[in-house]
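The values are calculated or read from the model by the stated rules, or taken from the named source; none is laboratory data. As the structure is a computational prediction, the values presented were derived from the model and not from experiment. Neighbour counts are summed over all protein chains in view; Cβ atoms, including those assigned to glycine, are modelled from backbone coordinates with ideal geometry. In case anyone asks, the SASA skips ligands and DNA or RNA and just uses the protein heavy atoms, side chains included. Shrake-Rupley method; radii C 1.70, N 1.55, O 1.52, S 1.80 Å.
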Amino acid sequence: MSTETHWNKVYTDKAVTQVSWFQLHASQSIQLIQSLKLEPDAAMIDVGAGASILTDELLDLGYRHLTVLDISNMALQQSQQRLGDRAHLIDWRVADLLSVEFEPEIYQVWHDRAVFHFLTQPQAQKRYIQQVKTAVQPLGYVIMATFAEDGPLKCSGLEVQRYSVAQLQQQFAEPDFRFISSVQDVHITPNQQAQKFNYVVFQKQ
């Protein structure tokens, strides 16, 4: 089964509120984005966004240059339906982020909650990081959230690569990226399971 088929099936078979990564509020991501003290027109991309509520909350806060990318058109359709009249304010992109062509240095913020940890092969990890280097502006920010080193071994039936903060720093290493901050978060799934995440903020040099 292709990656696209897998995720379209997930968003067809389950309600958005039933998937393990569902958040009623994207509180940790919002806190980190606000800590950057960006202008309202800062260009941001949420990769592997699924049907996340983050976009809604960023619009509520006045940010107005938002791109949402996911391989699943079913997931993005659900977000568009939820946003209703505001959906046209977002740049929606149905694409595989490893193969999509980004305009050079277009985004001030790259946000990823729980995509990078699905890339278990070094070649895919390197390609991902190259995409970040291409798409993010100099002195722009990368917000990465992955399962922590003691987090789940699988998600949605797929193997994942867990990361400590130090391991994420090794992946996003100097001189290309500068470590800014990190925080650990415990996500409670709809089934009341605790999942440990590491959130790390880097600045592209």
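With a simple spin-label model that places each label point 7 Å from the Cα along the Cα-to-Cβ direction, the separation between VAL94 and GLN192 comes to 3.8 nm.
The accessible surface of the chain, taken with every protein chain in place and a 1.4 Å probe, is 48 percent carbon and sulfur. Grouping the Cα pair distances of the chain into 5 Å bins from zero gives a pair-distance distribution of 1, 7, 16, 21, 23, 18, 10, 3, 0 percent in increasing distance order. Taking only the C-alpha atoms of region 1-98, Rg followed by Dmax gives 13.4, 42 Å. Computed over the chain, relative contact order equals 19 percent, with contacts defined as Cα pairs under 8 Å that lie 6+ residues apart.
For region 108-205, the solvent-accessible area with a 1.4 angstrom probe is 46 square angstrom per residue.
Per residue, region 1-79 exposes 46 Å² of solvent-accessible protein surface, assessed with a 1.4 angstrom probe and all protein chains in place.
Model label points for GLU159 and ARG178, set 7 angstrom from Cα along the Cα-to-Cβ axis, are 3.7 nm apart.
Taking Cβ atoms as reference points and 14 Å as the exclusive limit, the residues near LEU59 contribute a net charge of -4, counting Lys and Arg as +1 and Asp and Glu as -1.
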